[in-house]
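Undergrad: The structure is given below, and queries will be raised subsequently.
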Amino acid sequence: MTVSADQRIIGCLMAAVGLLVTLLCTLHGSANSVTPEFQCDFDEDMDPFCGFRQSTDDNFNWTRNNGSTPSRDTGPQHDHTTGAGYYIFIEASMKGPGYKASMISPSFISLNIPRCLRFAYHMYGRTVGTLQISSQNEGNSTRSKVMWSLTGDQGDQWHVASQTVPAETTRFVIEGVRGSGALGDIAVDDITLTPGYCGSDIRDGHYNDQLSM
Ligand SMILES: [Ca+2]
Ligand SMILES: [Ca+2]
């Protein structure tokens, strides 16, 4: 049996369409499940801070903890990842108002596209201060811009925030500022950084359009 030229062309076209469909499906699939280039749940004893380091240009340090914080009526009862793991927090007791603790992320290669930073935060207590995240470009060391900031009691629960990080960012800083009193523990857990814009910058279900760089 001979195959006509028409049949051969149709066969080729169908193969090409099949290939295109496979390619599109692959691209679509990977776009929906981009692997984070960085993730930290603070649960690994071998690498408890995932390369974050404590700033010395502040007043105190972030603490890694599991279970509840030492003080009542402030701080989480458990971590965000599994409920049995670790998180980091600032302990507000025995500190002065406005005292700061900063954690500096590992350095990242500057991409030509933004990244999406996601993290869980817990800000519970009558005198909770401020949690803020800044971006830095180490090629321009004076440049540190606040990308995200939240002040005050957010209730006794974990919230998830996401924030698009400008392309030129090479590292970010998590800063906790102690409020007016001892009921001001602030905790952070489950940090991920993924190439590309955040689908929507959501904070507590509200769109967050603080990106200003
Ligand atoms: Ca955790
Ligand atoms: Ca410090």
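Here, each number is a calculation from the coordinates, and none is a lab measurement. Computed from a prediction, not measured in an experiment: that's the story for all the values here. Every residue, glycine as well, gets a Cβ built from its backbone with ideal geometry; the counts of neighbours run over all protein chains shown.
Undergrad: Name the trypsin sites (Lys or Arg not before Pro) in the stretch 80-161 that are in a loop by DSSP and that have at most 16 other C-beta atoms within 10 Å, would you? It would help to have the intermediate numbers written out before the result.
TA: Values: sites: Lys95, Lys100, Arg115, Arg118, Arg126, Arg143, Lys145; in loops: Lys95, Arg126.
Those that pass, being in a loop and sparsely packed, are Arg126.
Undergrad: What ranking of Ile90, Ile109, Ile174 emerges when the number of other C-beta atoms within 10 Å of each C-beta is taken as an exposure proxy, fewest first? Numbers along the way, then the final one.
TA: Values: Ile90 29, Ile109 6, Ile174 24.
Exposure proxy ranking, most exposed first: Ile109, Ile174, Ile90.
Undergrad: Hey, what's the Cα Rg ratio for the stretch 38-207 versus the globular rule of thumb, 2.2 N^0.38 Å?
TA: Values: Rg = 15.1 Å, N = 170, 2.2 N^0.38 = 15.5 Å.
Working it through for the stretch 38-207, the quotient is 0.97.
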